[in-house]
Amino acid sequence: MLNSVRRLLPAFKPLLFRTSLSLHSTTAQRSLLRPRSYSPVTNMSTYNTPKWWKESVIYQIYPSSFQAHPGAKNEQGVGWGTVKGITSRLDYLKSLGVDIVWTSPIYKSPQADMGYDIADYKDIDPIYGSVADVEELIAECKKRDMRLMMDLVVNHTSNMHQWFLDSRSSKSNPKRDWYIWKDPKSRNEAGTPEPPNNWAQILGEANSAWTYDTETGQYYLSVFTPDQPDLNWENPEVREAVWDVMSFWLDKGVAGFRMDVINMISKVPTYPEAPIVLDPATHKYQPGTQFFVNGPKMHDYMHEMYEKVLSKYDTITVGEMPGVDSEDEILRTVGANAKELNMIFIFALVDIDKPNVRMALKDWDVKELKSIVSRWQNVMIERDGWNSVFIENHDNPRSVSRYTDDSDEWRDKGAKLLSLMQTTLGGTIFVYQGEEIGIKNAPMEWDPREYKDIETVNYWNKCQTIYKDDPEKLKLGRKIIQMKARDHARTPMQWSSSPNAGFCDADTEPWMRIMDDWKTVNAEAQMKYEGDELSTWQFWQRGLKDRKEHADVFVYGGFEEVNKDDENVFGYVRTSKEGEKWLVVLNFSGKEQKWMIPTKEVEYWACSNYTKGRADKAKSGELVLKPWEGVLGKVSG
Ligand code: TEU
């Protein structure tokens, strides 16, 4: 599949320009890293001090697509997931091994960006339910010894938030300074204004990050879309308002927050022009991320948040932090004594195929994947930080399609291989809705109009305008959508072979097309599957259970990558403080591989993605791995 894309790539140069501040670690950067082989957890470190938020299993719910309760429809009469629907599935989540449910935003919102545009932080959107429903969800979680984590989206609000409506109403409104307003850079002869700088919108890269307001003759900054004006964090009233929102939900008993683009809250105050990295013939506006990712005052704001709110509660906090690669910078947030956040989402792995904009392609290989994973495992152990372990979320394509082979022949093996990797890595583990049954990307045959996400809609509109006379580029545009669109993660959950996959009522059309394979690929079928090997769901359940039972090793243990130079196989040893050792060997290729066992004797191979129980394989010397095979072996001390 990748090969056909590679052939098309040279025709599509503009998207391959590199940013001066690369969002990935380049070869040059990587060579500066200290060579790392074995990272034991030292006595000085608090890395392996047990904490509930370290060993919890978190499951991310994309609420519109998870479960509609009976009779639930949105205003357009289509099936839409609800809070009551989530509550009805808590037993399912419990049986998978989940401790914390994180739901993407369910607050009041016009849904321009699926709830990441919030119009009232203290209310729930009626399409999802009510505050009382959330209180019930919290209580039902508690009964099962589970917790609820909310999404906190405070880099920006909706343009329909009362704060913004007030702010835009006049230049003298007391809320004017709650957002970032600037005069036009210039006006042409006809009086048409030019935005204050050339920054591009993130979810519509052909457009400006600034939106003009004709009433007051100024632009406001809206780095994602015009519907999402950026809050002005320089203003202390804004920060107080955010602390108030956080306390509101923490007082209701939520466990903590996943914080949306929390590293974008501080902008370089001079708002400089972005360097030209995309072809200016087709892209008038350029990525300005380097001027608002980990900006000058970010850590001041994070400390204030900690002091004013987080230090008063026992919370779980996860910052979404795209575009930052510096270890020092990341440790300033997640270091044990940083007094900022418990952990962040580092984007390196999910950006492995990203050049300078997300809707584009970049080649990658298994060695790169290995080095990214090993690097962050080692960094956090050596520098007393903490990792989040994830490869899917609502902004990314499906992992089985992206990192393995999603054909009928290999899909289950691939999904289980990725499960084995994640359940044996150090840090707090995140499972994304549908990942546990190996949902894959929608196929090429889906018309681009099936995609609902504003990013894809804007991207496809742009392709159709810019490349209207170039069928090859349009074809590549479609391919990019098939490989990268965020909607792959947003198709409704496949619960069973009942109508609409059990997602919504039989006589209600789901808000988004369900994957065509739901009759065979669904949670119910996989939970009761009986065969020579475990289903993907059962494999996840097993992995999460083993991880908990051996938390000393898999959550808190040391990490050592082995046979580093192998181009296809990722091998590593995890070791507990007491010396319990496990070897993980993952064949990231569709071919049989021979691999030398580097450790002493393997006592037994506890699991494989090809078997139900123990695997019968060589215990020393040469190990033969089948395509996409992953094995976990107990190593003698
Ligand atoms: O995403 C921020 C982000 O930078 C990306 O993951 C984003 O999806 C990608 O850059 C698009 O090319 C967060 C949310 O997770 C996402 O769903 C929202 O759209 C975005 O913030 C704005 O709130």
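Taken over segment 135-183, the criterion of being in a helix (DSSP H, G or I), open to solvent by 40 Å² or more (accessible area, probe 1.4 Å) and of a type in the set (A, V, I, L, M) is satisfied by 139, 165. Considering 630, 621, 613, the condition of being at negative phi and surrounded by fewer than 20 Cβ atoms within 10 Å (Cβ to Cβ) is satisfied by 613 alone. Yes or no: residue 543 at pLDDT below 95 and of a type in the set (Gly, Ala, Ser)? It is false that residue 543 is at pLDDT below 95 and of a type in the set (Gly, Ala, Ser). Can you tell me which residue in segment 471-489 is most open to solvent (accessible area, probe 1.4 Å), limited to those that are touching a residue at least 24 places away in the same chain (Cβ under 8 Å), part of a helix (DSSP H, G or I) and among the aliphatic types (A, V, I, L, M)? Of everything passing the filter in segment 471-489, 483 is most open to solvent (accessible area, probe 1.4 Å).
Exactly one residue among 370, 339, 416, 362 is over 20 Å from the mean Cα position of the chain (by Cα) and at pLDDT 95 or above, and that residue is 339.
Among residues of segment 90-115 being aromatic (Phe, Trp, Tyr) and under 19 Å from residue 492 (Cβ atoms), the one that is farthest from the ligand (Cβ to nearest atom) is 92.
For segment 314-329, the set of residues classified as of a type in the set (A, V, I, L, M, F, W, C) and away from the ligand (no atom under 16 Å from the Cβ) consists of 316 only. Could you please find all residues in segment 596-610 being open to solvent by less than 20 Å² (accessible area, probe 1.4 Å) and not small (Gly, Ala, Ser)? Selection gives 597, 602, 605, 607, 609.
From the list 408, 395, the one residue that fits, being within 16 Å of the ligand (Cβ to nearest atom) and modelled with pLDDT of 95 or more, is 395.
The single residue among 506, 525 that is in the same structural domain as residue 424 (by TED's automatic domain parsing), assigned to a helix (DSSP H, G or I), more than 23 Å from the chain's Cα centre (by Cα) and closer than 30 Å to residue 66 by Cα turns out to be 525. Mind checking whether some residue in segment 552-573 is polar (S, T, N, Q), within 24 Å of residue 49 (Cα to Cα) and surrounded by fewer than 20 Cβ atoms within 10 Å (Cβ to Cβ)? No, the conditions are met nowhere in segment 552-573. Do we find that residue 186 is closer than 25 Å to residue 102 by Cα, open to solvent by 20 Å² or more (accessible area, probe 1.4 Å) and small (Gly, Ala, Ser) in this structure? So residue 186 fails the test.
Can you pull out the residues in segment 265-276 that are open to solvent by less than 10 Å² (accessible area, probe 1.4 Å) and aliphatic (A, V, I, L, M)? The answer is 265, 274.
Just one of (1) in contact with a Cys (Cβ under 7 Å, 6 or more places away or on another chain); (2) under 30 Å from residue 464 (Cβ atoms) fails for residue 214. It is (1). Residues in segment 189-202 that are over 23 Å from residue 268 (Cα atoms) and either buried (at least 20 other Cβ atoms within 10 Å of the Cβ) or among the hydroxyl-bearing types (Ser, Thr, Tyr) (or both): 192 only. Can residue 338 be described as away from the ligand (no atom under 16 Å from the Cβ), in a loop (DSSP other than H, G, I, E, B) and touching a helix residue (DSSP H, G or I) at 6+ places or on another chain (Cβ under 8 Å)? Yes, satisfied. Taking segment 79-115 as the range and being closer than 28 Å to residue 546 by Cβ, open to solvent by 10 Å² or more (accessible area, probe 1.4 Å), in a loop (DSSP other than H, G, I, E, B) and not acidic (Asp, Glu) as the test, the residues that pass are 89, 97.
On the given criteria, is residue 362 in a loop (DSSP other than H, G, I, E, B) and either within 13 Å of the ligand (Cβ to nearest atom) or open to solvent by 10 Å² or more (accessible area, probe 1.4 Å) (or both)? Yes, satisfied. Counting just the residues of segment 441-470 that are touching an Asp or Glu at 6+ places or on another chain (Cβ under 9 Å) and among the polar types (S, T, N, Q), which one comes out most open to solvent (accessible area, probe 1.4 Å)? My answer is 458. When the test is whether a residue is within 14 Å of the ligand (Cβ to nearest atom), open to solvent by 40 Å² or more (accessible area, probe 1.4 Å) and either within 25 Å of the chain's Cα centre (by Cα) or among the charged types (D, E, K, R) (or both), residue 287 does not pass it.
May I ask you to verify whether residue 309 is away from the ligand (no atom under 16 Å from the Cβ) and open to solvent by less than 10 Å² (accessible area, probe 1.4 Å)? Here the answer is yes, as residue 309 does meet what is asked. For segment 402-420, indicate whether the set of residues that are surrounded by 21 or more Cβ atoms within 10 Å (Cβ to Cβ) and in a loop (DSSP other than H, G, I, E, B) is non-empty. For segment 402-420, residues surrounded by 21 or more Cβ atoms within 10 Å (Cβ to Cβ) and in a loop (DSSP other than H, G, I, E, B): present.
The values are calculated or read from the model by the stated rules, or taken from the named source; none is laboratory data. These numbers were taken from a predicted model, which means no experiment stands behind them. Positions of Cβ are generated from backbone atoms using ideal geometry, with glycine treated the same way; all protein chains shown enter the neighbour counts. With ligands, DNA and RNA removed, areas are computed over all heavy atoms of the protein, side chains included. Shrake-Rupley method; radii C 1.70, N 1.55, O 1.52, S 1.80 Å.
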